[in-house]
Amino acid sequence: MEADMPAEFVPKSVAQLPAPAASTESHELTDLCLALWAKMGLSWKPAVEWFPRVIVLHSAIYRTMFDSSPVGDIDAVLLADERRNSPLDNLRDHIPLAMVPVIDLGGRAGRFADVHFDLMQQTTWAETAKCILDFRRRREQLAAHIRSTNTPETRFLAHAFVAGKNIEAKRYPMTSASISYPGFPSAAKTIPIAEDLSHRGLLTKTFFDRVHECGACGSRRLTVREECPSCRSADIFETELIHHYRCAALRPEGEFRQGSALVCPKCSQQLRHYGKDYDKPGHSQICRKCKDSTSEPAVGFICQDCDAQADGDSVRRIDLFSYALTDQALSLLTGSEKKVPPSLAGLPPSLVQELDRARMAGAEGPPLAVTELRYGARDSLIKSKGQEVFEKLRRLFIENLSNYLAETGSVHRGDAADYFIMKGEGATTLSEQMPAMLSICEASLSEKLDPRPRVATKTGQASR
């Protein structure tokens, strides 16, 4: 773990630190806690690593309860974060997804840790043992090749499985992203991975919230307010409108007011009788800055981080989601998925499943065409714009393609390539449709992907 952490977070060895004398009471509590752990099945000293550093106070006690110099795999990470006001949403950015729980020793981490342990609070003893054992049990359910993988996407899935929880979005105003995924990396790292896995059929997504994003700095900590449509000032106030019957003047009350009297600014007649000379049909908003009036103030936003302003029509809207493992992901992680024929190896699992359904339909199924898509501009885009820009363009292209196909087909996200299925009459004329279809799907992209199709299967009925 130390190789993955910033230098200021690398823990020192416990052996390098002086061990203060532990009180008799602490020794008694330690013995009681260890006895409870053994009774629950935690009969060994859990192997741990510390983050970001070892707590000197009570280190002798923790040495009795935990193995801080493990040789092999660890059972947990002990969080000894002494910071008080810093955000914790990025905790897992510094602690790799090692498929082990984070045990909070300070009590500040809350939902960002998996469990809280305090020797002086006996209720936390059983919770800690149960958490370690549950992680270990689910870790053993993983297929061997999953446990040894180093790919970020697979480790992300494996960690969600071992942690036994969904990737739940939570509001978190301490960061400019305004959202966090407790137990997982920061939103900036979690969302791209989760979206990719969702496109591949390994995660389901559930709408959480819609937020607005600053176009200048990307912050989502925006204040919404009513503004003057003319000058965008928020210094507006509400006043009643006066309607003068005789000359049809309709203006704010302030324009009629002369001391205690009401005098029409249009015809100069004094208004004496409400209901006979005038009435008050409604209200208006007056801007103190530019003096303009309006019946409908504009909606505006101001960024709390950089003071940039945006109107309600131009501000960027972002939809946020929570995620959960699909049955397909569970089968993949535990090694219980159906054996894929060699001819289908490497294809997205969702595509394999749809081909299976089509094969079972046999002759009764509609004509079907499967097309592989690779992107000719991939390497040049990654080199000039970066991987993130390419993936964003790719996702938008896939979304456009999905909308184009609608009920006539489906799109399946792969690793090196993407695939789509065309069903029905469109499958028989796919070659003729292809250039126009891809051009339409690429038209809204800021950069061209140069999609290069290859029809892998085209039959009168579903086949492999």
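The values are calculated or read from the model by the stated rules, or taken from the named source; none is laboratory data. Not measured: the values here are computed from a predicted model. Positions of Cβ are generated from backbone atoms using ideal geometry, with glycine treated the same way; all protein chains shown enter the neighbour counts.
Looking for something crowded, with 16+ Cβ neighbours inside 10 Å and polar (S, T, N, Q) - is there at least one such residue anywhere in the range 100-123?
Within the range 100-123 (the criterion being crowded, with 16+ Cβ neighbours inside 10 Å and polar (S, T, N, Q)), the answer is no, since none of the residues qualifies.
For the range 179-220, enumerate the residues that are within 12 Å of Asn90 (Cβ to Cβ) and out of contact with any helix residue (DSSP H, G or I) (no Cβ under 7 Å at 6 or more places or on another chain).
Ala187, Ala188, Thr190 - these are the residues of the range 179-220 that are within 12 Å of Asn90 (Cβ to Cβ) and out of contact with any helix residue (DSSP H, G or I) (no Cβ under 7 Å at 6 or more places or on another chain).
For the subset of the range 318-358 comprising residues that are β-branched (Val, Ile, Thr) and part of a helix (DSSP H, G or I), which member is modelled with the lowest pLDDT?
Among those that are β-branched (Val, Ile, Thr) and part of a helix (DSSP H, G or I), it is Val352.
In the range 413-464, which residue that is basic (Lys, Arg) and out of contact with any helix residue (DSSP H, G or I) (no Cβ under 8 Å at 6 or more places or on another chain) is modelled with the highest pLDDT?
Result: Arg452.
State whether one or more residues within the range 78-101 are more than 25 Å from the chain's Cα centre (by Cα), under 24 Å from Ser148 (Cα atoms) and acidic (Asp, Glu).
No - not one qualifying residue is present in the range 78-101.
Got a sec? Which of Gln269, Gln285 is at pLDDT below 95, surrounded by 12 or more Cβ atoms within 10 Å (Cβ to Cβ), in contact with a Pro (Cβ under 8 Å, 6 or more places away or on another chain) and not hydroxyl-bearing (Ser, Thr, Tyr)?
The conditions single out Gln285.
Considering only the range 276-321, how many residues are over 23 Å from His243 (Cα atoms) and acidic (Asp, Glu)?
Count: 5.
Just to be sure, is Asp313 in a loop (DSSP other than H, G, I, E, B), modelled with pLDDT under 90, outside the structural domain of Leu449 (by TED's automatic domain parsing) and surrounded by fewer than 19 Cβ atoms within 10 Å (Cβ to Cβ)?
yes
Condition first: of a type outside the set (A, V, I, L, M) and closer than 17 Å to Asp313 by Cβ. Now tell me which residues in the range 224-234 satisfy that.
Arg225, Glu226, Glu227, Cys228, Pro229, Ser230, Cys231, Arg232
Given the criteria under 26 Å from Gln328 (Cα atoms) and either free of Cβ contacts under 8 Å to residues at least 40 places away in the same chain or not acidic (Asp, Glu) (or both), does Pro192 qualify?
Here the answer is yes, as Pro192 does meet what is asked.
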